[in-house]
Each structure stands twice: as structure tokens, then as C-alpha cells.
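The values are calculated or read from the model by the stated rules, or taken from the named source; none is laboratory data. Predicted, not measured: the structure shown is a model, and the values here were computed from it. As a convention, Cβ positions derive from the backbone with ideal geometry for all residues, glycine included, and neighbour counts pool all protein chains shown. The accessibility values were calculated without ligands, DNA or RNA, using every heavy atom of the protein model including side chains. Shrake-Rupley method; radii C 1.70, N 1.55, O 1.52, S 1.80 Å.
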Amino acid sequence: MKAIPYFNFPNTKEVLAFYEKIGAKNIRILLASDEMFADMPPEMAPKDPDEFVMNAEFELFGNTIYASDSWDRRDVDHSGSNISFVFTLSNDNEVQVVKDFFDKAIENGFTVEMPLEASEWTELFGMLKDPFGLSWMFSGE
């Protein structure tokens, strides 16, 4: 068994295009217009089935992450929502990947909540917030 983060956004296509700029790979999108949803009761069907993301997935750092549009494209408050990545401090490649991601994320509009540096619990920890309100934590072990 494994846990896969699943986030809702009012604008998942926009979010995925942004995440692709920072390294998301293998992005797959399933729209409400897909034939698998043909029998959806009309009262449940989104108003824009050719644009509404029923489910999407992407990979980042070898992890799968899911996302979808919120019903009626309602705003989603991600304050307090975190996605956490743990990397191996003794693996120079992993440390460099995290440093490079941190720089690229900042260049693309993330804000720094905690700089990537030593903390009380690890030699390297950092926290960013993306433009959609989601916090990204990176912790070395």
C-alpha cells in the first residue's frame, strides 16, 4: 500500500502547465468529456466537460501526484496543505536535485517560507509556497 497526494484546484490545467515548467513529467489528464463519464447524471456533470479535469496525474522526483478540478471550480484554500519530500543527505545527486529545484521554483514564482539550510532537526531543510497556495517541504535525512 502507498499514499499518493491528491490536490484539488479550480484551474488544474493551469496548475499542471506551471508544474511542468518546474519539472513535472508524465502528465496525464482525464476530462469530464471522456467516454467513461458518458453515463454521469446530468445534475452531476460539469458545465464545461471538454475543459473540466476529472483526474490528472504527474510525476515529480519519481513520485506520483494526483490532482483534479474542484466542483464548480470553487476556490480551494491550500493554507496548511503541505507536500513533503525527503532526500538522502549522503547522496550528492539528491542534494543537488533539491538545490536545483529550489532555485528553479523560486525563479518561476514560488515564495520562500524557509530557506534551504540547516535546521534544528537536519543539515538541510527548506520550504516553499507555490502560486496556488500549496507548501512544498524538503528535508534531508
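Return a yes/no flag: does segment 79-98 have any residue that is among the aromatic types (Phe, Trp, Tyr) and under 21 Å from residue 133 (Cβ atoms).
Yes.
In this structure, does residue 139 turn out to be open to solvent by less than 40 Å² (accessible area, probe 1.4 Å), among the small types (Gly, Ala, Ser) and in a loop (DSSP other than H, G, I, E, B)?
no
Which members of segment 64-81 meet the condition of being under 14 Å from residue 3 (Cα atoms) and surrounded by fewer than 16 Cβ atoms within 10 Å (Cβ to Cβ)?
Within segment 64-81, 64, 66 qualify.
Return the residues of segment 87-106 that are open to solvent by less than 60 Å² (accessible area, probe 1.4 Å) and either among the aromatic types (Phe, Trp, Tyr) or not in a helix (DSSP H, G or I) (or both); say none if nothing qualifies.
Correct list: 87, 88, 89, 91, 101, 102.
Of the conditions (1) aliphatic (A, V, I, L, M); (2) under 12 Å from residue 82 (Cα atoms); (3) without any contact (Cβ under 8 Å) to a residue 24 or more places away in the chain, residue 128 clears all except one; give me its number.
Unmet for residue 128, out of (1) aliphatic (A, V, I, L, M); (2) under 12 Å from residue 82 (Cα atoms); (3) without any contact (Cβ under 8 Å) to a residue 24 or more places away in the chain: (3).
For segment 1-33, give me each residue that is basic (Lys, Arg) and either more than 15 Å from residue 73 (Cβ to Cβ) or open to solvent by 100 Å² or more (accessible area, probe 1.4 Å) (or both).
2, 21, 25, 28 - these are the residues of segment 1-33 that are basic (Lys, Arg) and either more than 15 Å from residue 73 (Cβ to Cβ) or open to solvent by 100 Å² or more (accessible area, probe 1.4 Å) (or both).
What's the number of the condition residue 84 fails, among (1) assigned to a loop (DSSP other than H, G, I, E, B); (2) surrounded by fewer than 13 Cβ atoms within 10 Å (Cβ to Cβ)?
Looking at each condition in turn, residue 84 falls short on (1).
I'd like to check something: does segment 34-57 contain any residue that is in a strand (DSSP E or B) and either open to solvent by 50 Å² or more (accessible area, probe 1.4 Å) or at pLDDT below 95 (or both)?
Checking segment 34-57: not a single residue is in a strand (DSSP E or B) and either open to solvent by 50 Å² or more (accessible area, probe 1.4 Å) or at pLDDT below 95 (or both).
Of the conditions (1) open to solvent by 60 Å² or more (accessible area, probe 1.4 Å); (2) on the phi < 0 side of the Ramachandran plot, residue 61 satisfies every one except a single condition; which number is it?
Residue 61 satisfies every listed condition except (2).
Which one of 45, 3 is of a type in the set (A, V, I, L, M), free of Cβ contacts under 8 Å to residues at least 24 places away in the same chain and under 29 Å from residue 123 (Cβ atoms)?
It is 3.
Considering each residue of segment 6-42, count those that are without any contact (Cβ under 8 Å) to a residue 24 or more places away in the chain and among the small types (Gly, Ala, Ser), and give that number.
Residues flagged as without any contact (Cβ under 8 Å) to a residue 24 or more places away in the chain and among the small types (Gly, Ala, Ser) within segment 6-42 amount to 4.
Among the candidates 116, 30, 128, which residue alone is assigned to a strand (DSSP E or B), farther than 20 Å from residue 16 by Cβ and not small (Gly, Ala, Ser)?
Exactly one residue qualifies, and that residue is 116.
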